[in-house]
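Chemist: My questions will all concern the structure given below.
The values are calculated or read from the model by the stated rules, or taken from the named source; none is laboratory data. Small disclaimer: the values here were computed from a predicted structure and weren't measured. All Cβ positions, glycine included, derive from the backbone under ideal geometry; neighbour counts span all protein chains shown. For accessibility, only protein heavy atoms count, side chains too; no ligands or nucleic acids. Shrake-Rupley method; radii C 1.70, N 1.55, O 1.52, S 1.80 Å.
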Amino acid sequence: MNIDKRILANFHIALEAVIANKVRSILTALGIIFGVAAVIAMLAIGNGAQEEILEQIKLVGVNNIVISPVVKQKEEKLSEGEGDGQKSKFSPGLTMRDVAAIKEAIPSVQTISPEIILETYIIKNGIRRSTKLVGVEPSYFKITNFELQAGKMFNEDHLLRGAPVCVIGKSIKSRFFPTQDPIGKTIKCGNNWLTIIGVLKERIISEHSMSNLGIRDYNMDVYTPLQTVLIRYRNRDLITQSMIQQANQSSFGIGNSESEEGTSSETVNYHQLDRLTVQVDETELLNATADVLSRMLQRRHFDVVDFEVEIPELLLKQQQRTNDIFNYVLGAIAGISLLVGGIGIMNIMLASVLERIKEIGLRLALGAKKTDIVNQFLFESIMISISGGIIGVILGVSLAYTVSQVAEIPTIVSFASIILSFGVAATVGLIFGIAPARRAAKQDPISSLRYE
């Protein structure tokens, strides 16, 4: 009998032994099944979290620092004589002058994008819908990774002239121009008519990303040049007659009865800008630049801290590190499950050797070689581990899908994770099957045939 036929014959004997003891084989493979399933589900959850974090980084941009205004709340002292003569410090808020100062003073700043966000409405064909009008500069779209679906972005000329043009989100196009090409058409936004010159690609944003990053649904926004908002809509940096009257009323104590009901205690946004995004050259400079920006703005605002500085990318990377630690823990648990499964295979196979001593002795007496006995028991352990691996793969994929549907956690099952877990399962069966196989091959034929 040649080598190939010997190996095939040993394989058939091992297969018959596994099939003859189905229940024992399944129980032996339980550790492998749960270990493989845990590896696949763990990697699927980790890949899903990684993909979500990468998408969130794309939403906020790379190497960005976000400066947001903080509107001070009114505060009154109730005790008599307390705080007399104290006056609150004046701050101009975030303005375009801050933008110019940052560009001039901080060399690590690559791009800076101011934003003004106004709550307004759109009117088209008798339909009125609330929306946000966002005044930005052309650099905004590059910083935030926006892409056009049709048309073009507005340019520096539009910005300088305060041209009545706009770029709309995908949901605006679907709602007001479902069957038409909106490019070149006008739409009434607030009290002004704007000409549509571009449509943005849809950005799918999860509710978790919105709450985690403090972002909005960009698909319902209308984007227009910053100067267009300042000239045609509102410029909070300008002092108006109503502001003077309101200041005089506050100075002379007019409207105290209203303040008791909380009417006059409502905050007024005095900031010219609603958001300021600063892009830095290198990630290593983010913390240092954010610190310099904070000190600089505090000095320019006369020591009034009416702004907050955030670094979304670093926050997301910290979250990513937390997820990595979580994945390592899950990986260790899955590895222990595979190790326990391998030990279980070895113990059952050792017990199987004791049960089948007469069978081993009979095969040796009939001319079987020790390598045949080794191959037989190795094939059994490998078949058990591979069968457990296949069941574990099915269970792991099903578990990942269930987690995604029930817990609403994004999961991505990769082909590499399936190959990895399946390969580890087969390797475990091979390694932990060696000792029982060698023990079976060392049996003395005569002693084995007399064994009771």
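Chemist: Check off (1) modelled with pLDDT of 85 or more; (2) of a type in the set (A, V, I, L, M); (3) surrounded by fewer than 20 Cβ atoms within 10 Å (Cβ to Cβ) for Val304 and give me the number that stays unchecked.
Modeler: (1)
Chemist: I'm checking my understanding of the structure. Among residues of segment 110-152 that are in a strand (DSSP E or B) and among the basic types (Lys, Arg), which one is nearest to Leu293 (Cα to Cα)? Before you say what the answer is, go through the steps one by one.
Modeler: Let us first name the residues in segment 110-152 that are in a strand (DSSP E or B), namely 110-124, 127-136, 148-151.
Subset that is among the basic types (Lys, Arg): 124, 128-129, 132.
On the way: Lys124: 42, Arg128: 41, Arg129: 38, Lys132: 28 Å.
That would be Lys132.
Chemist: Check Ile336, Ile391 and return the single one that is surrounded by 15 or more Cβ atoms within 10 Å (Cβ to Cβ) and either at pLDDT 70 or above or of a type in the set (Phe, Trp, Tyr) (or both).
Modeler: Ile391
Chemist: Kindly provide the set of residues from segment 169-185 that are small (Gly, Ala, Ser) and either part of a helix (DSSP H, G or I) or open to solvent by 50 Å² or more (accessible area, probe 1.4 Å) (or both), ordered by number.
Modeler: Going through segment 169-185, the residues small (Gly, Ala, Ser) turn out to be 169, 171, 174, 184.
Once the filter is applied, which keeps residues that are small (Gly, Ala, Ser) and either part of a helix (DSSP H, G or I) or open to solvent by 50 Å² or more (accessible area, probe 1.4 Å) (or both), segment 169-185 yields Ser171, Ser174, Gly184.
Chemist: So Pro107 clears everything in (1) surrounded by 13 or more Cβ atoms within 10 Å (Cβ to Cβ); (2) in a loop (DSSP other than H, G, I, E, B) except one condition, right? Which one?
Modeler: With respect to (1) surrounded by 13 or more Cβ atoms within 10 Å (Cβ to Cβ); (2) in a loop (DSSP other than H, G, I, E, B), Pro107 is out only on (1).
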